[in-house]
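Student: Got a structure here, written out as structure tokens. Questions coming.
The values are calculated or read from the model by the stated rules, or taken from the named source; none is laboratory data. As the structure is a computational prediction, the values presented were derived from the model and not from experiment. Glycine gets a Cβ as well: all are built from the backbone with ideal geometry, and neighbour counts include every protein chain shown.
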Amino acid sequence: MSEPISALNHASYDGIAKVEESGLQGMITVRGNLSDKVLAKAVKDATGQKVPGQREAFVEGDTGVCWMSPDELLVLVPYAELNAKLAAMTDALSGVHALAVNVSDARAVFRVSGNSAREVLAKLAPVDLSPEAFQPGQIRRSRLAQVAAAFWMDDTDTFRVVCFRSAAEYVFELLKVAAQPGSEVGVY
């Protein structure tokens, strides 16, 4: 049996910000009534986090939960624990109108870090990324140039970006161009 590998096998680039493909990340899409107590308990058991509110992301390391829409969450777990966490969630949700699906291998994750990380993302996404409007603990589903993506901040200088695996190389190249030395705009 072959071993799983990430979309770009840890590709990285150093410019005005560091851009890194993060490697394998366990990801479970959960659809259902986000105010359901059974669903909330399943999320808490899998991640240790409560169900986030609109545009919130509660993520520590490779574990957490992100709000994606009024009836959708993205649950993050260590890749090695994915099958066990998904099985436990599926069992917990068996009596509830909800769905939990492994989407790990259909996605790619990037880390953009450094003093200019905010500026790099701002060049690509139609989102107000000023420190007053976007802070750690928040998530946005938007676009990076021509592709769908979601991103949140781990801390004031680090973003994580999730996109479809099929667009991973395109997103990596976009981030590299936006992070080229000498491309500073100086807005943030």
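Student: Hey, does the stretch 18-27 have a residue that's more than 30 Å from GLN180 (Cβ to Cβ) and among the aliphatic types (A, V, I, L, M)?
Tutor: no
Student: Tally time: how many residues in the stretch 159-182 are under 12 Å from the mean Cα position of the chain (by Cα) and more than 10 Å from ALA108 (Cα to Cα)? So that I can check it myself, show each step before the final result.
Tutor: Of the residues in the stretch 159-182, the ones under 12 Å from the mean Cα position of the chain (by Cα) are 159-164.
Next, from what is left, pick out any that are more than 10 Å from ALA108 (Cα to Cα): 159-160.
Residues in the stretch 159-182 being under 12 Å from the mean Cα position of the chain (by Cα) and more than 10 Å from ALA108 (Cα to Cα): 2 in total.
Student: So, one more: Within the bounds of the stretch 74-83, is there any residue that is under 22 Å from LEU144 (Cβ atoms) and either hydrophobic (A, V, I, L, M, F, W, C) or assigned to a helix (DSSP H, G or I) (or both)?
Tutor: Scanning the stretch 74-83, I find at least one residue that is under 22 Å from LEU144 (Cβ atoms) and either hydrophobic (A, V, I, L, M, F, W, C) or assigned to a helix (DSSP H, G or I) (or both), so the answer is yes.
Student: What tally of residues in the stretch 157-187 results from selecting those that are modelled with pLDDT under 95 and more than 19 Å from ASP14 (Cβ to Cβ)?
Tutor: 2
Student: On to the next question. Pairs under 6 Å by beta carbon, first residue of a type in the set (Val, Ile, Thr) and assigned to a loop (DSSP other than H, G, I, E, B) in the stretch 122-144, partner surrounded by 14 or more Cβ atoms within 10 Å (Cβ to Cβ) and at pLDDT 95 or above, six or more apart or different chains?
Tutor: Cβ pairs passing all conditions: VAL127/ARG140; VAL127/SER142.
Student: Would you point out which residue out of LYS50, LYS44 is surrounded by fewer than 19 Cβ atoms within 10 Å (Cβ to Cβ) and assigned to a helix (DSSP H, G or I)?
Tutor: On the way: LYS50 fails: assigned to a helix (DSSP H, G or I).
The unique qualifying residue is LYS44.
Student: Which residue is surrounded by the fewest Cβ atoms within 10 Å (Cβ to Cβ), if the candidates are limited to the stretch 106-135 and must be touching a Ser or Thr at 6+ places or on another chain (Cβ under 9 Å) and under 25 Å from LEU39 (Cβ atoms)?
Tutor: Only one residue tops the list, namely ALA106.
Student: Further, regarding this structure: Quickly run through the stretch 173-188 and pick out the residues that are surrounded by 19 or more Cβ atoms within 10 Å (Cβ to Cβ) and touching a Ser or Thr at 6+ places or on another chain (Cβ under 9 Å).
Tutor: ALA179
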